1. Would you mind listing the strands (runs of 3 or more DSSP E) fully within the stretch 1-62 where at least 1 residues are touching a residue at least 40 places away in the same chain (Cβ under 8 Å) and closer than 30 Å to M315 by Cα?
2. Which residues, counting only those in the stretch 234-251, are within 16 Å of ligand 1 (Cβ to nearest atom) and open to solvent by 10 Å² or more (accessible area, probe 1.4 Å)?
3. Mind counting the residues in the stretch 1-18 that are aliphatic (A, V, I, L, M) and within 21 Å of the chain's Cα centre (by Cα)?
4. So which residues in the stretch 286-327 are within 15 Å of ligand 2 (Cβ to nearest atom) and open to solvent by 10 Å² or more (accessible area, probe 1.4 Å)?
5. Any residue in the stretch 325-344 that's part of a loop (DSSP other than H, G, I, E, B) and modelled with pLDDT of 95 or more: show its pairings with residues that are open to solvent by 10 Å² or more (accessible area, probe 1.4 Å) and more than 16 Å from ligand 1 (Cβ to nearest atom) at Cβ separation under 6 Å, as long as the two are six or more apart or on different chains.
6. Could you say whether any residue in the stretch 16-32 is of a type in the set (V, I, T) and more than 30 Å from S152 (Cα to Cα)?
7. Which count do you get for residues in the stretch 297-341 that are closer than 15 Å to I361 by Cβ and within 15 Å of ligand 1 (Cβ to nearest atom)?
8. Out of contact with any Asp or Glu (no Cβ under 6 Å at 6 or more places or on another chain), at pLDDT 95 or above, more than 30 Å from V191 (Cβ to Cβ) and within 16 Å of ligand 2 (Cβ to nearest atom): which single residue out of D68, D80 fits that description?
Amino acid sequence: MGKILIKNIKGLVQHGENLPKIRRGAEMKTLPILENAFLALEDGTIVAYGSMDDWGGITDWRDLEVIDAEGKYVLPAFCDSHTHTVFAKSREEEFVDRINGLSYEEIALKGGGILNSARKLAEMSEDELFEQAMERINRLKSYGTGALEIKSGYGLSVDAELKMLRVVKRLKQESGIAIKATFLGAHAFPVEYKENHRGYIDLIINEMIPKIGEEGLADYIDAFCERNYFSVDEMAEILEAGAKIGLRPKVHVNQFSALGGIKKAIELNALSVDHLEELADEDIEALKDSTCMPTILPSCSHFLSIPFGDARRLMDNNLPVALASDFNPGSTPSGNLQFVWSLACVKMKMTPEEALNALTINAAYAMDLSETHGTISVGKQTPILITKEIPSLAYIPYAFGDQHIERFIS
Ligand code: NIG
Ligand code: FE
């Protein structure tokens with residue numbers, strides 16, 4: 001902490017005052033970069049920035065750390081608005097099953113997938129879950145993630161869902177980055193409710209949600225709206241119950257099929273609709289004029305070999321796009337947003353500038369952090385990234401698989 005001055009910055013990225021909270025359509029190509037710049041921070045708050053040519057000099061050198069960023073870029077940390085960072089065990093055996101020909105959906109129908117993670121999580125203590133998640137978060141920070149949404153959904157019982165959300169609450173206090181908690185009890189139907197959907201939905205609505213409300217354990221509510229998971233009507237009932245305790249929806253929709261969940265979620269005031277590997281014309285229409293952020297998860301498409309979300313189509317319709325990792329043990333075992341940036345460029349034909357807007361301004365919006373995160377503006381407390389020496393900003397998504405972040409400052 002204390003005072004930090006970063007000088008000789010090759011490019012100060014995404015800086016400015018009164019920047020928009022959302023960049024949409026063609027505006028997503030806009031990315032302010034100030035060359036040969038300085039940035040001053042005090043106890044993590046941005047207090048000044050500008051061109052080295054306008055440098056006024058330092059009047060008080062006490063407790064000042066000076067960092068020379070010659071050849072390096074400085075940018076606001078990425079915001080990851082969709083993750084499942086709290087989980088018990090990795091699932092590489094399912095990865096091998098998929099290599100051998102089974103699909104993600106087939107594995108789930110055999111009792112693998114989310115139910116596999118739920119069995120493992122039931123056996124793990126809150127402390128162990130916390131320690132593991134903390135380790136993951138430290139790794140994510142080193143890759144440049146400065147704000148994180150984390151979902152429950154590997155509990156699927158009252159006790160285990162609350163256990164997950166209590167872990168997230170502790171992470172909020174101890175991780176050193178902004179964290180938002182999302183209740184995802186409606187992630188899958190547990191085995192004992194396979195033929196009794198009504199029973200599980202009642203459990204969510206009558207037992208889980210009230211307890212979550214009492215303990216203040218969640219900011220948002222989610223449901224996996226998909227064939228073999230939750231129908232549009234089932235999702236709607238659950239989101240409505242969440243709204244009663246003030247939880248705004250951020251939902252899993254259109255991963256494998258377009259069932260009309262986007263329209264319904266928007267009617268129920270969703271802050272974001274996430275996945276969107278499948279998109280129907282009516283989904284696009286529903287998104288227009290809404291305040292909902294379409295969020296695409298390209299690492300999931302990569303790992304499951306399913307279609308990539310059509311970001312260009314959304315932007316061509318003057319819509320915004322956010323990108324997130326979906327970090328989880330089943331469909332996305334990497335939370336590295338530098339890789340997401342690269343996939344968005346290579347596979348979704350987003351320009352490096354569009355993709356960075358999707359990972360900063362628009363992603364901050366998708367987790368209600370526009371006031372503090374996503375841009376370099378005076379008064380903001382957003383964490384800052386300093387890159388290694390790189391030839392250009394586009395080099396980050398271009399040279400995929402490398403670590404380009406040298407320092408994370410919060
Ligand atoms: O966002 N699709 C639903 N949920 C997660 C995957 C969960 C899992 O396989 O463990 C996702 O991809
Ligand atoms: Fe997810």
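The values are calculated or read from the model by the stated rules, or taken from the named source; none is laboratory data. Quick caveat, the model's predicted, so the values are computed rather than measured. Ideal geometry is used to build each Cβ from the backbone, glycine not excepted, and the neighbour counts take in all protein chains shown. Surface areas here come from the heavy atoms of the whole protein model, side chains and all, with no ligands, DNA or RNA. Shrake-Rupley method; radii C 1.70, N 1.55, O 1.52, S 1.80 Å.
1. Ranges flagged: 3-13, 33-42.
2. E234 - this is the single residue of the stretch 234-251 that is within 16 Å of ligand 1 (Cβ to nearest atom) and open to solvent by 10 Å² or more (accessible area, probe 1.4 Å).
3. Counting residues in the stretch 1-18 that are aliphatic (A, V, I, L, M) and within 21 Å of the chain's Cα centre (by Cα) gives 1.
4. Within the stretch 286-327, H302, F303, L304, I306 meet the criteria.
5. These pairs meet every condition: N336/Y143.
6. Scanning the stretch 16-32 turns up at least one residue that is of a type in the set (V, I, T) and more than 30 Å from S152 (Cα to Cα).
7. Within the stretch 297-341, residues that are closer than 15 Å to I361 by Cβ and within 15 Å of ligand 1 (Cβ to nearest atom) number 3.
8. Of the residues listed, the single one that is out of contact with any Asp or Glu (no Cβ under 6 Å at 6 or more places or on another chain), at pLDDT 95 or above, more than 30 Å from V191 (Cβ to Cβ) and within 16 Å of ligand 2 (Cβ to nearest atom) is D80.
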